[in-house]
Each structure stands twice: as structure tokens, then as C-alpha cells.
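Heads up: the structure comes next, in C-alpha cells.
The values are calculated or read from the model by the stated rules, or taken from the named source; none is laboratory data. All values derive from a computational prediction rather than experimental measurement. We place every Cβ from the backbone using ideal geometry, glycine too, and count neighbours over all the protein chains shown. When the accessible area is computed, the model is the full protein with side chains, heavy atoms only, and any ligands, DNA or RNA have been set aside. Shrake-Rupley method; radii C 1.70, N 1.55, O 1.52, S 1.80 Å.
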Amino acid sequence: MSVKEAEGQVSPPSDDRTPRRSGESHARGWRGVGWGFIVKLILVALVNAFGVMVVISAFRVESWFILGAMIVLVAAVDVVYFTRRALPLKYLLPGLIFLLAFQVFIFGYTAYIAFTNYGTGHAGTQEQAVEAALIQGERRVENSPTYPLAVVERGLGELGFAINDDGTVLVGSELEPLSEVGEMGAGAPTDVPGWTIVERSRLLSDQALQQTVIDLRVPVSDDPNDGSIRSRDGSSGAVYESTLVWDEQAQTITDTTDGTVYHATDRGSFVADDGSSLPAGWFVGVGFDNFVKIFTDPRLAEPLLLVAAWTFVFAILSVLVPFALGLLFALVFNDPRVRGRRVLRTLFILPYAFPVFLSALVFRGMFNAEFGVINDLFFFGANINWLGDPWLARFAVLFVNVWLSFPYWFLVCTGALQAIPTDALEAAEIDGAGRFRRFWSIILPLLLVSTAPLAIASFAVGFNNFTVIYLFNNGGPPIPGAPYGLGYTDILISAIYDISGVSGGAADFGLASALAIVVFIVVGVIAAISFRQTRRLEEFQ
């Protein structure tokens, strides 16, 4: 103890060093926190602002799930970062949020879509389907008057029509039916409150804007049966009415031209008594229909069976052949008698350095039957249809994948061989074991201990190797009569891509999601069984 302390002359500790009161959160206190607290406050404020924006947007589009989930997340962030009891969660919460957003939500949404008919013709609600059907049946009303019209604009490029109906100015947009905003004399409206008149010169010089104006339809009223205002020249408009009439009470759409009545069904379609249907539909839950369709629809099941069988063959050979080739080269270039091993090893891993998409495109040109170098150099100009014949195309795409992947196994096997203890090999040699015996009984089992998990991962990659399949031959050649453009070299993941309609044609997201879940289950089961089997190799070690 110093003299000053003994004499009681030591000044009391400053406020910054005053212990925090019991029960007070360090996250809400200002004392001793400094800039760190301010930075945290700003970051949480930004998160709250983003959350409120999402909540408002979700409320406007009536997306109640997103609204509820965002409220819970924002509340959780505030609680975690401003209370003391949840201190450990502040490190885990960001990871948990990303896990929920990018893993759980995506998988859950995929599973949800798998039980619906979501796809071409069934991509919206019933209200949207009715509107689409009425639009498709629109015709100009016979002897309807022509209104002087002005194209108007507001906000972020929202276009609308303003018409002069006998001195009354009416204005509306695609989302808002016509409403009265004032009166004027003859001619097209020149001043519309809340809107800006689009200059005629701008309309004439902008072709994209002209097409937008031609496609624009402004409902006359809230009742879709009243028709809409449309314009062909941007200076006059007329009423267009649909030949289809929607009866919400009876849930029917009647074609007034021939009297056909289309009834709304629980499958999300409007179907007439003669079996005909309207192209516009809405998405509904269909239970296990998509899963049943995969296995029972002959038109789909047979091509999918070919695709599934080729998927297993492609995935298995994409592991075994590159592994065998890589192991062979690793054994050769691990021998100290080989000169220039470092240079040769570098040359062998060059394919591994090439981008996959570039290699696939290059090989696609090389295997071309007309001008590819494969036929010119190795088959003396023979016209071998590598990409058009099913079996040759399968061989070619497998060749490309082996060329791309064997350097990986060459590197792995080289490292694993150098890690094998030499005393075991020397002991076996002393006991009289030959090269084959030493390889089969010592080298290969020890090698598999370290490479088996990688082989399982490679099998999963081969099972989902979309890039090579799509870029090399787009899954072709096509299977005759197969729906969705399925081909002989398609694997399940590329088949899912075709069925989803992203590449063009009809889309069936529900069926694609169901097939994706089946693939997920298959790969998961195979991986689980394979990892269980690898434990036996560990016992050998």
C-alpha cells in the first residue's frame, strides 16, 4: 500500500470504471462502450429499416408468410443484440438466419412446389387466370365510339390513358380502372392532375414505348366484363370487350361466340363439357400427383427410366475410370526411376486447370461430325456422328468428363501414395510379396482409406454434373417422343432443367421439384450407405 492510499488521498475511480449496475444490459449501456456500441446501433437500425421495408412490401402483395417471418426475424435481432441474456446468440444469429434463408427455406419451398401444378398455364391465382382469359378473348366492341386519348405517365414509368368522354376527363392505368379527374372541351386531354402527358415526339421516336402503348389496356371499371380502353396510335382509344364472360358466382366462363361454358375445376383449369379447356389456369395443390406421374405416366416414365439408368452409369464411371486412370499415372510417376517426374506431373494436371465450361465447348467442336478434328485426325476424315448417335454421344460425354476429372484423382492418389509408410511395403517385400500382392493387399486398401470419402463426394458431383452434360451436347440426341425435350445423354439434373422449362418450351415446376426431391433422396441414401461402408476400411488401417 502506498503512502497516499494509506492517508486516504487517492482520488475515487472515474465514472467509466464504475461497475455496471446489476441487471443492466451491456448492449444498451453507453458507459465504457464507445464507438462499438454506436456502430452496432447503426447496423441494427439498418437491419430494422430493411425489415420494415420487406414487411410493408409483403403486406401490399398480401404475402403473409413473408410478412410474419420478417417480423419474427427483426424482433429476434433486436432482442438478441439489446439484451444480456441472449449474449451467446449474437454470434450464432447471422449464421442461423442465412441457414434458414438459403437452406431451409429453399428446400421447404421446393417441397411445397412439388405438391402443386405450378408451371406453364398455372403460374398465378384464379383471379389472374380469369383476367388472362378475358384478355385473350378481347375484341373491339362493334360501333363503339372513338375517344380522344393522351398517353400519360407518373412515378417510376407507370403508363396510363387519359380520355375525353364528351367533356369528362377519365384517366387510368393497367392496375387502376378509369376514374374522373376533371372536365374540358373537345380534343385529347392536355392537363391531367397527378399525371404527366407523354410528348407525341417522344412516342413517335421510341419504338419500345410504342409497343408498350399498343399492349397497354386500361380497365373501364372494376368489373372485367366491362372491357378496357386500348389504343393503336396513342392518340385515340376505343372500348374492347372480351367474347368471354366471367360468372364469379357460378365459377364459369362463357364464350359468347359459340355458347361454350367452361367450368372452374379443382385442378386449376377451366374445362368445358366436351373436354376442351382454356389455356389460362391457376396453380393449386395436387398432392402426390407429381410423384405418381414420374413412375406411372408411360410417356414420361419410359424416358425418365433411360435417363435414370444413364445417370447411374455416368456417375459410377465418372468415378471409377478417372480414379483408375489417376491411380495408374500416380503409381508410374511415383516411381523414383522415372526421370523428369515434376515436369510430367505438371503436364498431367493441366486439364484440371481448364475451366469446365470452356473444355466442354471445345470438345463439342472437336467431336463435330463435319468439321471436328476427332474425325479428321484420328479417323481419316470419316463421318462419325459422335453427337447424333445415342451410344457415341454417351461415350463422348463420358470421355470429356474423364479427361476433366482424372487429374484430380492423379493429385489425390499421388499424395496418398506418398503418405503410405514404406516400412510396411519393405516388410512385405522381405516376406516375398510381389508387386501385385503388395499393391492389392497393402497399397490399395490404405489408399482407399483416404480416397473413399472423396470418391463418394465425386459420385454425388457426377450425379449432378449439369455443366458438362448441358454444354457438351445439351443432353442430346433427343429421345423420340419424349416430353420436355429429354435426350439420351441427359442425366437427372439436366432432365430437371428441361422439365422446369428454363431452357424453353413448356414448364412444369411442380414435376421438376418432385423429381429434384427424388434425386436428393437417392443421392442421400447412396452417400449414407457408402459412408457406412468406409468404416470397414478405417478398421483395416
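For the criterion of being touching a helix residue (DSSP H, G or I) at 6+ places or on another chain (Cβ under 8 Å) and polar (S, T, N, Q), SER179 fails. Restricting attention to the stretch 139-169 and to residues that are touching a strand residue (DSSP E or B) at 6+ places or on another chain (Cβ under 8 Å) and assigned to a loop (DSSP other than H, G, I, E, B), the residue that is farthest from ARG200 (Cα to Cα) turns out to be VAL141. Assessment of the stretch 294-313 against the conditions (crowded, with 20+ Cβ neighbours inside 10 Å and touching a Ser or Thr at 6+ places or on another chain (Cβ under 6 Å)) yields no matching residue.
Can you name every residue in the stretch 349-379 that is farther than 14 Å from ASN473 by Cβ, modelled with pLDDT of 85 or more and assigned to a loop (DSSP other than H, G, I, E, B)? Across the stretch 349-379, the qualifying residue is only PHE379.
Report yes if PRO336 is loosely packed, with under 11 Cβ neighbours inside 10 Å, over 26 Å from ASN474 (Cα atoms) and over 26 Å from the mean Cα position of the chain (by Cα), otherwise no.
Numbers: loosely packed, with under 11 Cβ neighbours inside 10 Å: yes; over 26 Å from ASN474 (Cα atoms): yes; over 26 Å from the mean Cα position of the chain (by Cα): yes.
Taking the combined requirement at face value, the residue satisfies it.
Within the stretch 494-516, the set of residues being closer than 16 Å to ALA301 by Cα and among the aliphatic types (A, V, I, L, M) comprises ALA495, ILE496, ILE499, LEU511, ALA512, ALA514, LEU515, ALA516. The listed residues are THR489, THR534, and the only one of them that is hydroxyl-bearing (Ser, Thr, Tyr), touching a helix residue (DSSP H, G or I) at 6+ places or on another chain (Cβ under 6 Å) and surrounded by fewer than 20 Cβ atoms within 10 Å (Cβ to Cβ) turns out to be THR534.
Tell me which residues, restricted to the stretch 251-273, are free of Cβ contacts under 8 Å to residues at least 12 places away in the same chain and either assigned to a loop (DSSP other than H, G, I, E, B) or over 34 Å from the mean Cα position of the chain (by Cα) (or both).
In the first step, residues of the stretch 251-273 are kept if they are free of Cβ contacts under 8 Å to residues at least 12 places away in the same chain; the result is 254, 258-259, 265, 271.
THR254, ASP258, GLY259, THR265 - these are the residues of the stretch 251-273 that are free of Cβ contacts under 8 Å to residues at least 12 places away in the same chain and either assigned to a loop (DSSP other than H, G, I, E, B) or over 34 Å from the mean Cα position of the chain (by Cα) (or both).
Taking (1) modelled with pLDDT of 85 or more; (2) of a type in the set (S, T, N, Q); (3) open to solvent by less than 40 Å² (accessible area, probe 1.4 Å); (4) within 30 Å of THR257 (Cα to Cα) in turn, SER144 satisfies each apart from (1).
Taking residues in the stretch 317-341 that are charged (D, E, K, R), and partners anywhere that are surrounded by 12 or more Cβ atoms within 10 Å (Cβ to Cβ), the pairs with Cβ atoms closer than 7 Å and at least 6 places apart or on different chains are ARG341/PHE333.
Every test in (1) surrounded by fewer than 20 Cβ atoms within 10 Å (Cβ to Cβ); (2) under 21 Å from THR311 (Cα atoms); (3) in contact with a Ser or Thr (Cβ under 9 Å, 6 or more places away or on another chain) is passed by ALA419 save one, and that test is (2). Tally the residues that are closer than 30 Å to ASP508 by Cα, among the aliphatic types (A, V, I, L, M) and either modelled with pLDDT under 85 or in contact with a Ser or Thr (Cβ under 6 Å, 6 or more places away or on another chain) (or both), restricting the search to the stretch 84-124. Residues in the stretch 84-124 being closer than 30 Å to ASP508 by Cα, among the aliphatic types (A, V, I, L, M) and either modelled with pLDDT under 85 or in contact with a Ser or Thr (Cβ under 6 Å, 6 or more places away or on another chain) (or both): 4 in total.
Here THR451 passes the criteria (1) among the β-branched types (Val, Ile, Thr); (2) at pLDDT 85 or above; (3) open to solvent by 60 Å² or more (accessible area, probe 1.4 Å) except the one numbered (3).
Does at least one position in the stretch 220-231 carry a residue that is polar (S, T, N, Q), farther than 19 Å from GLN128 by Cβ, in a loop (DSSP other than H, G, I, E, B) and touching a strand residue (DSSP E or B) at 6+ places or on another chain (Cβ under 6 Å)?
Residues of the stretch 220-231 that are polar (S, T, N, Q), as a first pass: 221, 225, 228, 231.
Then keep just the ones that are farther than 19 Å from GLN128 by Cβ; that gives 231.
With in a loop (DSSP other than H, G, I, E, B) added as a condition, the list becomes 231.
Those left that are additionally touching a strand residue (DSSP E or B) at 6+ places or on another chain (Cβ under 6 Å): 231.
Yes.
For GLY475, the requirement of being on the phi > 0 side of the Ramachandran plot and open to solvent by 10 Å² or more (accessible area, probe 1.4 Å) is not met.
Determine, yes or no, whether VAL55 is at negative phi, at pLDDT 85 or above and open to solvent by less than 60 Å² (accessible area, probe 1.4 Å).
Values: at negative phi: yes; at pLDDT 85 or above: yes; open to solvent by less than 60 Å² (accessible area, probe 1.4 Å): yes.
The answer is yes for VAL55.
Among residues of the stretch 183-196 that are closer than 15 Å to SER235 by Cα and touching a residue at least 40 places away in the same chain (Cβ under 8 Å), those with a Cβ under 8 angstrom from a residue that is open to solvent by 30 Å² or more (accessible area, probe 1.4 Å) and assigned to a loop (DSSP other than H, G, I, E, B), sequence gap 6+ or separate chain, pair up as ALA188/SER235; THR190/MET184. Kindly check whether there is at least one residue in the stretch 241-249 that is open to solvent by less than 30 Å² (accessible area, probe 1.4 Å), of a type in the set (Gly, Ala, Ser) and within 16 Å of ILE135 (Cβ to Cβ). Yes, there is a match, as at least one residue in the stretch 241-249 is open to solvent by less than 30 Å² (accessible area, probe 1.4 Å), of a type in the set (Gly, Ala, Ser) and within 16 Å of ILE135 (Cβ to Cβ).
Scanning for something more than 38 Å from the chain's Cα centre (by Cα) and in a strand (DSSP E or B), does the stretch 188-197 turn up at least one residue? Taking every residue of the stretch 188-197 in turn, at least one turns out to be more than 38 Å from the chain's Cα centre (by Cα) and in a strand (DSSP E or B).
Would you call VAL181 more than 42 Å from the chain's Cα centre (by Cα) and surrounded by 15 or more Cβ atoms within 10 Å (Cβ to Cβ)? Judged against the criteria, VAL181 is a match.
For the stretch 152-175, name all the residues that are more than 33 Å from the chain's Cα centre (by Cα) and in contact (Cβ under 8 Å) with a residue 24 or more places away in the chain. Explain how you work it out, then say what you get.
First, pick out the residues of the stretch 152-175 that are more than 33 Å from the chain's Cα centre (by Cα): 152-154, 160-172.
Once the filter is applied, which keeps residues that are more than 33 Å from the chain's Cα centre (by Cα) and in contact (Cβ under 8 Å) with a residue 24 or more places away in the chain, the stretch 152-175 yields VAL152, GLU153, ARG154, GLY160, PHE161, ALA162, ILE163, ASN164, VAL171, GLY172.
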